[in-house]
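Visitor: Below is the structure I would like to discuss, written out as structure tokens.
The values are calculated or read from the model by the stated rules, or taken from the named source; none is laboratory data. Just so it is clear, the model here is predicted, and its values are computed rather than measured. Here the Cβ positions follow ideal geometry from the backbone for every residue, glycine too, while neighbour counts run over all protein chains shown. When the accessible area is computed, the model is the full protein with side chains, heavy atoms only, and any ligands, DNA or RNA have been set aside. Shrake-Rupley method; radii C 1.70, N 1.55, O 1.52, S 1.80 Å.
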Amino acid sequence: QVQLVESGGGLVQAGGSLRLSCAASERTLSSYDGGWFRQAPGKEREFVAAIDRSGDYTIYTDSVKGRFTIFRGDAKNTVYLQMSRLKPEDTAIYYCAAGRLVSMIGSRYDYWGQGTQVTVSS
């Protein structure tokens with residue numbers, strides 16, 4: 001069982017930046033492809049970004065392209081989501097996920113974190 005822990009959420013003004021981190025409890029995240037999803041109040045969970053285990057291949061949902069960057073730390077055991085030019089509509093709980101496939105579909109991931117709240121004020 002892989003336990004994922006997110007950190008880095010918080011309150012930020014529109015136009016600001018935050019960096020989310022996702023680490024695995026036993027430092028095994030380098031063996032998995034990683035993804036970030038988010039869920040806003042009253043809405044379904046949606047895909048944000050994903051990265052393969054090498055860190056060389058990434059995909060993004062259209063609404064965050066050019067503003068968010070997903071990347072891995074040097075040891076590949078941490079997956080980051082750098083969020084810039086944040087908008088109020090980015091407000092959500094952000095979840096880290098790990099699996100054996102880079103995908104926009106949540107059910108393709110095997111492990112999930114507990115989530116971290118991101119709030120963007122206007």
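Visitor: Does at least one position in the range 51-66 carry a residue that is free of Cβ contacts under 8 Å to residues at least 40 places away in the same chain, outside any strand (DSSP E or B) and of a type in the set (Lys, Arg)?
Guide: Yes, the range 51-66 has at least one match.
Visitor: Starting from the range 9-30, keep only residues that are in a helix (DSSP H, G or I), then list their pairs with residues that are open to solvent by less than 60 Å² (accessible area, probe 1.4 Å) and of a type in the set (Gly, Ala, Ser) whose Cβ atoms are within a distance under 7 Å, requiring at least 6 positions of separation or different chains.
Guide: From residues that are in a helix (DSSP H, G or I), the pairs are Leu29/Ala23; Leu29/Ala98.
Rundown of residues vs (1) out of contact with any Phe, Trp or Tyr (no Cβ under 8 Å at 6 or more places or on another chain); (2) surrounded by 14 or more Cβ atoms within 10 Å (Cβ to Cβ); (3) more than 13 Å from Tyr94 (Cα to Cα); (4) not small (Gly, Ala, Ser), yes/no style:
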site: Gly16; (1), (2), (3), (4): yes, yes, yes, no
site: Glu26; (1), (2), (3), (4): yes, no, yes, yes
site: Leu29; (1), (2), (3), (4): yes, yes, yes, yes
site: Ala49; (1), (2), (3), (4): no, yes, no, no
site: Ser54; (1), (2), (3), (4): yes, no, yes, no
site: Asp62; (1), (2), (3), (4): yes, no, yes, yes
site: Lys76; (1), (2), (3), (4): yes, yes, yes, yes
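Visitor: Quick check on this structure: which one of Ala97, Ala92, Ala24 is under 24 Å from Arg108 (Cβ atoms) and touching a Gly at 6+ places or on another chain (Cβ under 8 Å)?
Guide: Numbers: Ala92 fails: touching a Gly at 6+ places or on another chain (Cβ under 8 Å); Ala24 fails: touching a Gly at 6+ places or on another chain (Cβ under 8 Å).
After applying the criteria, what remains is Ala97.
Visitor: From the set of residues in the range 40-50 that are touching a Gly at 6+ places or on another chain (Cβ under 8 Å) and in a strand (DSSP E or B), which is farthest from Gly73 (Cα to Cα)?
Guide: Phe47
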